[in-house]
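Here the structure is laid out as structure tokens; the discussion comes afterwards.
The values are calculated or read from the model by the stated rules, or taken from the named source; none is laboratory data. Source: prediction; values computed, not measured. Positions of Cβ are backbone-derived with ideal geometry, glycine not excepted, and every protein chain shown enters the neighbour counts.
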There are 2 protein chains.
Amino acid sequence: MTDRPCIAVDAMGGDEGLAVMLAGVARARRRFEDLHFLLVGDEAQVRAGLASHPNLSAHSEVVHAPEIVGSSEKAGQAIRRAKKTSMGIAIDLVKQGRAAAAVSAGNTGALMAMAKLSLRTMKGIDRPALAAPLPTLGDNDVVMLDLGANTECDAQNLVQFAVMGAAYARIVFDLDRPRVALLNIGSEEQKGTDEIRDAAAVLKEQSHLPLAFTGFVEGNQLARGQHDVIVCDGFAGNIALKTAEGTARFVADLLKRAFTSSVRSKVGFLISRPATELLKHHLDPNNHNGAIFLGLNGVVVKSHGSANENGIATAIGNAAKLVRADLTRRIAEDLAEFERAAA
Amino acid sequence: MTDRPCIAVDAMGGDEGLAVMLAGVARARRRFEDLHFLLVGDEAQVRAGLASHPNLSAHSEVVHAPEIVGSSEKAGQAIRRAKKTSMGIAIDLVKQGRAAAAVSAGNTGALMAMAKLSLRTMKGIDRPALAAPLPTLGDNDVVMLDLGANTECDAQNLVQFAVMGAAYARIVFDLDRPRVALLNIGSEEQKGTDEIRDAAAVLKEQSHLPLAFTGFVEGNQLARGQHDVIVCDGFAGNIALKTAEGTARFVADLLKRAFTSSVRSKVGFLISRPATELLKHHLDPNNHNGAIFLGLNGVVVKSHGSANENGIATAIGNAAKLVRADLTRRIAEDLAEFERAAA
């Protein structure tokens with residue numbers, strides 16, 4: 001699309017407030033010097049906040065939005081006043097072509113609904129999916145989808161998610177032929193639901209597409225680095241994602257408890273702090289931030305609600321990468337190829 | 001049932017072989033001095049293995065089984081020669097009343113199928129479920145079911161799992177009124193599938209039963225210690241369980257990598273070894289071993305295939321606890337109470 005992407009930012013969304021959001025955008029601007037921004041929110045508040053970020057000020061424009069989507073507001077309700085909210089206006093700027101992508105840390109359900117209504121689903125896609133990168137022991141992260149946008153999915157949805165996920169992995173992880181697996185409860189052919197088995201049968205035949213279907217993957221293999229894309233329905237994806245988050249936190253809490261259990265452990269902990277900091281860095285969700293709704297005519301990225309400055313900058317960096325690589329066009333090409341072969 | 005329970009052990013099942021299995025049983029015998037055992041397997045091999053365990057020898061009997069169920073053998077195939085296999089004979093000893101429980105580390109699908117066919121499902125239960133304790137930050141473990149026996153479940157299955165899981169938690173965790181939650185992708189009422197919402201509606205009305213329904217729980221809250229029983233279909237349960245296992249291993253691998261990244265970290269690691277050993281102890285699956293098939297007329301416990309001596313002893317200890325507390329009768333009573341109230 002463009003080499004100097006313009007990103008629309010919902011400056012009012014997220015649990016951390018406007019100041020953290022602006023600090024994150026300012027950090028993104030320092031990291032990626034060619035970006036410029038449309039900051040959507042209450043004009044007076046955004047301008048006041050910008051005072052401490054002269055570099056960002058010089059490369060952004062403020063777009064006034066009188067209203068905010070509540071964090072627990074129902075999507076149906078939020079949609080009715082979309083055009084007045086910072087979230088809805090940020091998405092609309094993408095639709096108008098004024099921005100190449102929109103980034104929000106606000107209410108996920110409302111963001112999905114507004115994005116779908118405003119940008120519409122791509123030709124060849126029945127349902128958009130929420131995709132996000134997760135850390136692994138391998139050379140790159142793994143992208144997982146759907147993470148909760150569609151509670152139940154049929155085989156065709158899963159196949160479409162695979163095609164879209166592979167396009168994402170090619171761009172973000174710089175791969176030629178990402179390894180794509182279906183999340184299942186066993187690796188044998190007869191395992192799982194009809195939907196999963198049917199999707200596997202279709203994906204096995206796609207050797208003409210730029211992806212390598214690697215069969216079924218179980219929950220204990222997600223982070224091993226043996227797959228680049230993991231496809232599932234939104235229920236399973238949400239359970240897996242949140243269980244992984246919860247378990248990582250559980251282990252970290254146990255570790256903390258163990259390290260403070262004696263003076264000796266405390267001393268050991270202090271000495272090995274660089275190691276535990278490395279671990280913290282690797283597990284910090286802010287270093288993997290930026291879920292994307294794949295399958296829309298435009299790039300909409302969802303940041304964690306509780307993302308810090310670094311997390312917001314990461315999400316914006318991901319959005320810019322997808323824009324530069326022309327994600328939407330690439331997905332469209334793969335879908336067309338898939339349909340040609342199927343015809 | 002009895003204060004000196006007899007446990008039938010499938011001596012040939014599991015990945016670690018007969019020697020580890022016998023060492024595990026011998027350890028269980030040392031831990032629980034009133035237990036005695038029926039050791040099912042190739043008679044010559046079992047007797048040879050027993051030579052190094054005189055205490056176990058004195059409190060066990062060998063039951064010959066000419067065949068073994070293969071670890072990747074299909075359940076349908078295994079069932080046809082059930083009466084000749086160590087697994088099938090161990091279960092049959094429970095049916096005959098010669099043993100109070102059967103323990104196997106072999107093929108889960110075959111064990112489930114054989115147990116269901118031989119012992120039959122309890123009155124009031126449509127489908128048995130696989131349940132296992134998982135570690136938490138709280139005072140007791142949490143029992144989760146179903147972990148993979150039933151890929152898809154209706155609301156009635158989920159309600160029955162809740163009743164059975166609560167009976168288990170009352171016995172194993174020594175609670176009066178276990179807190180029971182349904183695994184879901186959000187805590188709001190409208191979240192999830194019809195099956196889950198319908199099950200929630202039924203469970204809300206069960207204040208006469210010895211359980212406290214606490215609503216929906218998300219994947220990131222499983223280990224927080226706020227619930228005693230977590231109910232889900234076998235697909236979600238399997239995904240959550242394996243994702244938790246995989247994530248714990250992932251974090252441990254990262255930690256290992258971090259601790260060996262410099263001399264300083266290595267020194268810190270050595271000093272704080274008691275702390276990391278504590279963590280290892282808490283996370284070691286062998287300390288939480290022993291999944292049980294709930295809803296059968298008899299106690300059948302599945303040990304991890306790769307359990308070590310300690311893991312096998314833990315699984316046998318759990319089986320003995322359930323036998324002593326008369327699990328099957330307690331579940332039957334709760335089911336009768338549930339049906340009385342529904343009538």
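Kindly indicate the residue of segment B:184-209 that is more than 12 Å from chain A (Cβ to nearest Cβ) and part of a helix (DSSP H, G or I) and also surrounded by the most Cβ atoms within 10 Å (Cβ to Cβ) among those meeting that condition.
Within segment B:184-209, the match that is surrounded by the most Cβ atoms within 10 Å (Cβ to Cβ) is B:Ala199.
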Condition first: surrounded by fewer than 22 Cβ atoms within 10 Å (Cβ to Cβ), touching a residue at least 60 places away in the same chain (Cβ under 8 Å) and of a type outside the set (S, T, N, Q). Now tell me which residues in segment B:1-26 satisfy that. B:Met1, B:Asp3, B:Asp15, B:Glu16, B:Val20, B:Ala23
Would you check if there is a residue in segment B:150-158 being within 24 Å of A:Gly76 (Cβ to Cβ) and in a loop (DSSP other than H, G, I, E, B)? no
Pick from segment A:210-253, criterion under 21 Å from A:Arg127 (Cβ atoms) and small (Gly, Ala, Ser), ranking: surrounded by the fewest Cβ atoms within 10 Å (Cβ to Cβ): A:Gly234
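Just checking, which of B:Gly311, B:Gly305 is farther than 30 Å from B:Lys204 by Cβ and surrounded by fewer than 17 Cβ atoms within 10 Å (Cβ to Cβ)? Before the answer, list the steps.
Values: B:Gly311 fails: surrounded by fewer than 17 Cβ atoms within 10 Å (Cβ to Cβ).
Answer to the selection: B:Gly305.
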Could you check segment B:70-110 and list, in sequence order, the residues that are modelled with pLDDT under 95, surrounded by 24 or more Cβ atoms within 10 Å (Cβ to Cβ) and assigned to a helix (DSSP H, G or I)? B:Ala110
Being under 19 Å from B:Leu327 (Cβ atoms), among the hydrophobic types (A, V, I, L, M, F, W, C) and either surrounded by fewer than 24 Cβ atoms within 10 Å (Cβ to Cβ) or without any contact (Cβ under 8 Å) to a residue 24 or more places away in the chain (or both), is that true of even one residue in segment B:150-158? no
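Out of all the residues in segment B:220-246, which are of a type in the set (Val, Ile, Thr) and more than 8 Å from chain A (Cβ to nearest Cβ)?
So the first thing to find is which residues in segment B:220-246 are of a type in the set (Val, Ile, Thr), and the list is B:229-231, B:239, B:243.
Listed by number, the residues that qualify are B:Val229, B:Ile230, B:Val231.
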Identify the residue in segment B:322-343 that is surrounded by fewer than 17 Cβ atoms within 10 Å (Cβ to Cβ) and basic (Lys, Arg) and, among all such residues, is nearest to B:Gly97 (Cα to Cα). B:Arg329
Failed item in (1) more than 22 Å from B:Thr314 (Cα to Cα); (2) surrounded by fewer than 24 Cβ atoms within 10 Å (Cβ to Cβ); (3) within 20 Å of the chain's Cα centre (by Cα), with B:Leu134 passing the rest: (1)
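Need a quick list: helices (runs of 4 or more DSSP H) entirely within segment A:1-69 having at least 1 residues that are within 25 Å of A:Asp326 (Cβ to Cβ) and in the same structural domain as A:Lys83 (by TED's automatic domain parsing). Can you show your working first?
On the way: elements: A:18-31, A:43-50, A:54-58.
The helices (runs of 4 or more DSSP H) meeting that bar are A:18-31.
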